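These notes concern the structure reproduced below.
The values are calculated or read from the model by the stated rules, or taken from the named source; none is laboratory data. Bear in mind that the values here come from a model prediction, so they are computed numbers and not experimental data. Neighbour counts are summed over all protein chains in view; Cβ atoms, including those assigned to glycine, are modelled from backbone coordinates with ideal geometry. These area figures cover heavy atoms from the full protein model, side chains too; ligands, DNA and RNA do not enter into them. Shrake-Rupley method; radii C 1.70, N 1.55, O 1.52, S 1.80 Å.
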Amino acid sequence: MTRPDLVIRNGTVATAADVISCDVGIAEGRIVALGESLEADQVIDAAGKLVLPGGVDSHLHLDQPMGDGSVMADGFRSGTISAACGGTTTVIPFACQVKGNTLRHAVQDYHARAEGKAVVDYAFHLIISDVTAQVLGQELPSLIDEGYTSFKIYMTYDDLKLNDHQILDVLSIARRDGAMAMVHAENSECIAWLTEKLELAGDTAPHFHAASRPPVVEREATHRAISLAELVDVPVLIVHVSGQEAIEQIRWAQNRGFRVYAETCPQYLFLTAEDLHKDGFEGAKCMCSPPPRDKDSQEAVWRALENGTFQVFSSDHAPFRYDDPKGKMLQGADAKFAYIPNGVPGVETRLPLLFSEGVGKGRIDLRRFVELTSANPARIYGLYPKKGTIAIGADADITIWDPDKEVEITNDILHHNVDYTPYEGIRVRGWPETVLSRGEVIVRDGEFCGAEGRGKFLKCEKPDPARPKGTGTTL
Ligand code: DUC
Ligand code: ZN
Ligand code: ZN
């Protein structure tokens, strides 16, 4: 056995498979031993603490160029410091193709934005917005081979959306080349039609955002995305699922044996459309797409987390400042809802919220918590077992939790660069206290203590969950 240079002693170690009491031995950034009474020069005493794999946040937006002139408040520096302070040690944001530019350009540009800034390890998903012959024939296949093995498809937003024909084209490449396709499922035409009607009636305040994207809009697109994936015979992952209607479509597909995966996010457990009704323009703070729904939907999302319908719990951190002409107030403090940047921040609060309300209240156990927030995203995007577990040979990305620490979430304790949190005032029990990335302590007593730029780019393997069943149309 390689002698550890650091041991985490006396903790309760949890993975997606087991919860055990043991020491964790670390050498040269990797886990080299799990056992009793391990020795090393450096020791962290974790008595009374939980020792978990660092979180893998597989859906967040950092320094993503926006088509409307808005600017994300978090780049790779503040975004990954915030991630680390919330117990997350791997992030997978999006290299987004701008229409008219190549996909390769998006990737090169995004590397330049991350390098020298990220403090935890990072991989990239692609966003394909311009399905040219070059993208289909050359760029996408070679990027998949180079370690960019997942991409997001939008069914809405004029500057990003693909039509069904284009979706089939890119799904076929995912099938042939082994990539994971993620889908933002909302029906663009329905949203445009409803927005037009609402605007004609003068109903343009932030809370009408929810009325412009009701559950049926998400349900239809979810079913269509699943059907297109069935036609091509390729797995698909539906991102940011908001409630019962879409969940039913996903469950239906899973019951039929389709490889359909799904993700949800804190905003669908902790916010409702009522939060968009806050005084004046304040509702803009909770505007995201799909919108938060109602209490029954929150319950449906909890049930789907409990019963295995969801595989992934991510933040969908989309950091726009509120009181800022480049953020939510891009078009002023009385802008119509359709012109307000979409998205809520949450990279740092993702894990504490789910831990407290999920594990603390007995809705999910610790193993399921690790599965949803770390192991599954690592598996589904080709990073497992390097990331997402505590096992011999894995990177020593570890979060030590104080399960009893009580914290009131307020924006001033967070490390993002956004001027609000939608979760202001929520009290949680359990907080990540110490965070190690590749064996290095980067958060001590809740404060970041690592070096800017220490995060490394991760090439993703072709994920096993992206394998087709081999039953459908093969073209
Ligand atoms: N989709 C996302 O994935 N994030 C923020 C807003 C959106 O529509
Ligand atoms: Zn989306
Ligand atoms: Zn997103």
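Loop-located trypsin sites (Lys or Arg not before Pro) in segment 327-361 (DSSP state other than H, G, I, E, B) with a sparse environment of at most 15 neighbouring Cβ atoms within 10 Å: 361. 3J(HN,Hα) couplings calculated from phi for segment 150-161 with the Karplus curve 6.51 cos²θ - 1.76 cosθ + 1.60 (θ = phi - 60°) are, in sequence order, 8, 8, 9, 10, 9, 9, 9, 6, 4, 7, 10, 6 Hz; Gly and Pro show x. Only protein heavy atoms count here; under a 1.4 Å probe, residue 252 has an accessible surface of about 90 Å². How many angstrom lie between the C-alpha centres of segment 170-199 and segment 323-377? Between the Cα centre of segment 170-199 and that of segment 323-377, the gap is 21 Å. Residues 191, 426, sorted by accessible area with the largest first, give 426, 191 [1.4 Å probe; ligands and nucleic acids excluded].
From its DSSP helices (H runs of at least four residues, each -39,500 (n - 2.57)), the chain gives a residue-normalised ellipticity at 222 nm of -7500 deg cm²/dmol.
Projecting the Cα atoms of 221, 238, 195 onto the charge dipole of segment 181-338, computed from C-beta unit charges around the Cα centre, puts 238 farthest toward the positive end. For residue 153, the residues whose amide H sits under 5 Å from its own are 182, 183, 184, ignoring neighbours fewer than 5 places away on the same chain, with H placed 1.01 Å from N. For the chain, the solvent-accessible area works out to 37 Å² per residue, with a probe of 1.4 Å and every protein chain left in place.
Take the alpha carbon atoms of segment 321-410, find their radius of gyration, then divide it by 2.2 N^0.38 Å using N residues; give the quotient. Compactness ratio reported: 1.50.
Cα-based radius of gyration for the chain, normalised by 2.2 N^0.38 Å, reads 0.93.
Residues whose amide H comes within less than 5 Å of that of residue 64, counting only those at least five positions distant or on another chain, are 72 (H built at 1.01 Å from N in the peptide plane). Computed from phi, the 3J(HN,Hα) profile of segment 250-256 under the Karplus parametrisation 6.51, -1.76, 1.60 (θ = phi - 60°) reads 5, 4, 4, 5, 4, 5, 7 Hz, with x in place of Gly and Pro.
Between the helical axis of 295-306 and the longest alpha-carbon principal axis of the chain there is an angle of about 50 degrees.
Derived scalar couplings between HN and Hα for segment 366-382 equal 4, 5, 5, 4, 5, 4, 5, 9, 9, 5, 5, x, 5, 5, 5, 10, x Hz in order, rounded to whole Hz, by the Karplus curve 6.51 cos²θ - 1.76 cosθ + 1.60 (θ = phi - 60°), x for Gly and Pro. In this structure the amide hydrogen of residue 88, modeled in the peptide plane, comes within under 5 Å of the amide hydrogens of 55, none closer than 5 places in sequence on its chain.
Charge tally around residue 280: other residues with Cβ under 13 Å, Lys/Arg +1 each, Asp/Glu -1 each, net -1.
Taking every alpha-carbon pair under 8 Å whose residues sit at least 6 apart, segment 254-382 reaches a relative contact order of 26 percent. Relative contact order of the chain, taken over Cα pairs closer than 8 Å and 6 or more residues apart, is 23 percent.
Out of the total accessible area of segment 30-183 (probe 1.4 Å, heavy atoms of protein only), what percent is carbon and sulfur?
Details: 2330 of 5010 Å².
For segment 30-183, the apolar C and S fraction of the accessible surface comes to 47 percent.
Just the number, please: carbon plus sulfur as a percent of the accessible area of segment 287-429, 1.4 Å probe, no ligands or DNA/RNA counted. Of all accessible area on segment 287-429, carbon and sulfur atoms account for 43 percent. The value of relative contact order for segment 60-110, using C-alpha pairs under 8 Å at least six residues apart, is 33 percent.
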